[in-house]
1. Please work out if G26 is at positive phi, modelled with pLDDT of 80 or more and in a helix (DSSP H, G or I).
2. Hey, among E83, E53, which residue is part of a helix (DSSP H, G or I), at pLDDT 90 or above and farther than 30 Å from A6 by Cα?
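The values are calculated or read from the model by the stated rules, or taken from the named source; none is laboratory data. All values reported here derive from a predicted model rather than from experimental measurement.
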Amino acid sequence: MGSVFAFLDNPAMLLILGAAAVLLFGERLPEVARNFGRGFMEFKKGVHGIQQEIRGAIESAPVSTDNSSTASSRPAHCEANAEDHEEATAPKFEPPPSA
């Protein structure tokens, strides 16, 4: 299955998980399960909202119709000639004087 919850496919694991839940929560188990379900639904709604925002941003982004080389899609500040830039050099290493 490849899922994080793939171990829940085994009925013995479900039985162990259920027994542990009863031991831990006892009479409050329905309340705990209800709160867990609500929290999970809120999480799903939040993830869905983020996905919608991303989809909206992608759909509203301008689409370039220029199919020339990738160099034309570079920002203007990246198109400067290489001659305009000085080559970066590292300082020469000098070991500290011996005492």
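1. Taking the combined requirement at face value, the residue satisfies it.
2. The conditions single out E53.
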